[in-house]
Amino acid sequence: MTDEQSPDLKRVRLTGARFEHGRLPVDSLVELQKYQQVVRIAAEAEWRRENPDQKLPADFDQSVSLTIQEIREGSADVFLAFEQHETYVSYQVEAQDAADSVLAAAYRGEELPTIPSLTPQEDFEFRSVLSQFGQTLTEGQSIQFYPDGPDSTPVSITVETREQAVDRLLALEGFLLNPDDAPSKSAIGKEEQSLVGRITELNADKLTYLLVLSDGRELKGFYKNQPSLLDDFKLVLNSAAEGPLTRITGDLHSRDGQPWRFWTTDVLEQIQFDDTVWGARLTELASLTAHWDGGESAQVSSVALEAAQMLLRAIDKVGAERPGVFPTEEGGVLIEWSSPAAVRSVEVLEDGTFETFELSSSQISGSHSSTSDLTEAIAFVKADDA
C-alpha cells in the first residue's frame, strides 16, 4: 500500500507473537468476518427502512462485502476495502460509519451513539456482534482498530479492554422492552427539495458533507451523483458561525416530517444577503422549507430573493416607510405597505417578475401592473414617497 491510497481503507492491525511477519492465522479471520457482519446488519436495516415491504435484493449482502487488499509485514497489519457496487455504496458508507462510531465509543468509554435506522431488535443484534469482535485474542495479543482512517489514532482491543467494552455494548437498558412497547419505525419521506444552511464538514473521499441549518440541526448529505461539485463545496466550507449561506437542492429524505439527509445533491448555490434588517428577514425566508404553511406552499426561489433584495435596497435609499416582507405560497416575496388609508404592494414572483398593486380606502377595486424591469418597480415605490 502506498501513502497515496484511499483513506477509506479500513485498517485492522493484529499484534502479538502469533501475528509477526504478517502472519494471519485462519481462525483469526473470524474477527474480520464479525466486522463485515455488523456492517451488513446496519446496511440492511437502512435499506429496509427506506424500502418498506420490499424484499432485500439478492445481491445486497454480496455487494456489501469486504476484501483483504493488503497485509503488511511486522504484524498482521490488514487493510480492508469494500467490494464496490455503485447501487449500494451509500449504504456501505452509512453502515461502516455506524459500526466504527459505536465500536470506538465502546472502547473509549464514551456514550454509545444511537443508530436511528435500527429497530430495538436490530440494535441488540448489532451490538451483540460488535461485542464478539476480539473474541479470539489471548494474553499479549491485541487488535488495533483505526476508526477514522488508516493513519488515525486506533482503539486498542485486548483481553482486558474487551471486558468493559462488552459491558457497555450489552448494557441491558433498553434491550428488555416488550415487543409491543418497542418504538415504531419512523416514517421516511423522499422529495426533491432545497434547504439553506452552512457547510461545516466535507469528506472528499466518501463524497459526503454536513449541512447545519439555521436552527442548529445537522444534516448529512451525499454528492456521489455529482462529484464535480467538490470545488463548489470547498468554496463554502467553513464554520456554522462564519460560513456563507448555501442552498442545497437534491433528493431530501425526511424522518417523521423533519429533514434528515440529502441522499443525492443536484445543485449547490451560495446565497448572500446584506448585513441589514432586510438581509436578516430574507435569510429567514430562504430557510423556509417546502410546505412551510402546512399546505402546498413552495420554497422561496433564489431568483425572487435576489430581486427582493435589490428592491429593498432601493427602498432604503429613498427613505420610504418600511414595508412588511412575507413569503408567498408560489415561492415569491411580498413587499407590502398597509394602513387604514391604503394598501400598496410589490409582489416578487418566483421568476423575478414584479407585480404591483395599490388600493385606497375610497376605491372598490385596486390597480395592478406587472413588469420584469427593476427600475419600474422602484419607480412605483418612489411614487408614493414623492
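Amide H of Ser75: which non-local residues (sequence gap of 5 or more, or other chain) have their own amide H closer than 5 Å, using H built in the peptide plane?
His21, Gly22
Quote the charge dipole size of the range 186-272 about the Cα centre in Debye, to the nearest 20; the model charges only the Cβ of Lys and Arg (+1) and of Asp and Glu (-1). Walk me through the numbers before you get to the answer.
Working: 10 positive and 13 negative charges, 39 e Å.
So the dipole magnitude of the range 186-272 works out to roughly 180 debye.
Could you pull out every residue, at least 5 positions away or on a different chain, whose amide H is within less than 5 Å of the one on Trp292? Hs are placed 1.01 Å off N in the peptide plane, and Pro or chain starts have none.
Counting only residues 5 or more places away or on other chains, the set is Ser297.
From the phi angles alone, apply the Karplus equation (6.51, -1.76, 1.60; θ = phi - 60°) to the range 351-363 and give each ³J(HN,Hα) in whole Hz, x where the residue is Gly or Pro.
9, x, 6, 9, 10, 9, 8, 8, 8, 8, 5, 8, 9
Where does the charge balance sit around Lys190 when Lys and Arg score +1, Asp and Glu -1, over other residues with C-beta under 9 Å from its C-beta?
Details: positive: none; negative: Glu50, Glu191, Glu192, Asp251.
Combined, the nearby Lys, Arg, Asp and Glu give -4.
Which FRET efficiency, nearest 0.05, do Lys55 and Val30 yield, Cβ-Cβ r, R0 30 Å?
Details: r = 29 Å, r/R0 = 0.96.
Step by step, r from the Cβ atoms, then E = 0.55.
How charged is the neighbourhood of Ala104? Take every other residue with its Cβ under 11 Å from the Cβ of Ala104, and add Lys/Arg as +1 and Asp/Glu as -1. Don't skip to the end; give the middle numbers.
On the way: positive: Arg108; negative: Asp97, Asp100, Glu110, Asp148.
Computed value for this residue: -3.
Using DSSP to call loops (not H, G, I, E or B), can you name the trypsin sites (Lys or Arg not before Pro) in the range 17-58 whose Cβ has at most 15 other Cβ atoms within 10 angstrom?
Sparse-neighbourhood loop trypsin sites (Lys or Arg not before Pro): Arg23, Lys55.
If you take the beta carbon distance between Gln363 and Leu235 as r and set R0 to 30 Å, what does 1/(1 + (r/R0)^6) give as a FRET efficiency, to the nearest 0.05? Working shown, then result.
On the way: r = 51 Å, r/R0 = 1.69.
With R0 = 30 Å, the Cβ-Cβ based efficiency is 0.05.
Per-residue HN-Hα couplings for the range 36-51, Karplus 6.51 cos²θ - 1.76 cosθ + 1.60 at θ = phi - 60°, whole Hz, x for Gly and Pro?
4, 4, 5, 5, 5, 4, 5, 5, 5, 4, 5, 5, 5, 5, 8, 10
Roughly how tilted is helix 89-108, in degrees to the nearest 10 and between 0 and 90, from the longest Cα axis of the chain?
60
Rounded to the nearest 500 deg cm²/dmol, what is the calculated helix-only ellipticity per residue at 222 nm for the chain, with -39500 (n - 2.57) per DSSP H run of length n ≥ 4?
Numbers: 9 runs with 115 residues, N = 386.
Value at 222 nm, helices only: -9500 deg cm²/dmol.
Give the long-range amide H neighbours of Leu245: residues separated by 5 or more places, or on another chain, with amide H under 5 Å away, using H modelled in the peptide plane at 1.01 Å from N.
So Leu245 has HN proximity to Ile271.
Quick one: what does P(r) look like for the chain with 10 Å bins over all Cα pairs, in whole %?
P(r) over the chain, rounded to whole percents: 4, 19, 23, 19, 13, 9, 7, 3, 1, 0.
Give me the dipole magnitude in Debye, nearest 20, for the chain about the Cα centre, with unit charges on the beta carbon: positive for Lys and Arg, negative for Asp and Glu. List each step's numbers first, then the result.
Values: 32 positive and 67 negative charges, 148 e Å.
It works out to roughly 720 debye.
Quick one: 3J(HN,Hα) in Hz for the range 55-70, Karplus 6.51/-1.76/1.60 with θ = phi - 60°, rounded, Gly and Pro as x.
Here the 3J(HN,Hα) series is 7, 4, x, 4, 9, 5, 4, 5, 6, 8, 10, 9, 10, 7, 8, 7 Hz.
Which GluC sites (Glu not before Pro) from the range 204-288 combine a DSSP loop assignment with at most 10 other Cβ atoms within 10 Å?
On the way: sites: Glu218, Glu242, Glu269, Glu284; in loops: Glu242.
Here the GluC sites (Glu not before Pro) that fit, given the DSSP loop and packing criteria, are Glu242.
Note the angle between two axes, namely the Cα long axis of helix 159-169 and the longest principal axis of the Cα atoms of the chain, as a number of degrees from 0 to 90, rounded to the nearest 10.
40
Do me a favour and compute the ellipsoid semi-axes for the range 279-386 from its Cα gyration tensor, root of five times each eigenvalue, largest one first, whole Å. Display every interim value, and only then the final one.
On the way: eigenvalues 103, 52, 33 Å².
The three semi-axes for the range 279-386 are 23, 16, 13 Å.
Normalised by the residues of the chain, what does the relative contact order come to in percent, with Cα pairs under 8 Å and at least six apart?
Values: 696 pairs, mean separation 39.9, N = 386.
Contact order relative to length: 10 percent.
Values quoted throughout were computed directly from the atomic coordinates according to the rules given, and no laboratory measurement underlies them. Just so it is clear, the model here is predicted, and its values are computed rather than measured. Reconstructed Cβ throughout: ideal geometry from the backbone, glycine too, with neighbour counts over all protein chains shown.
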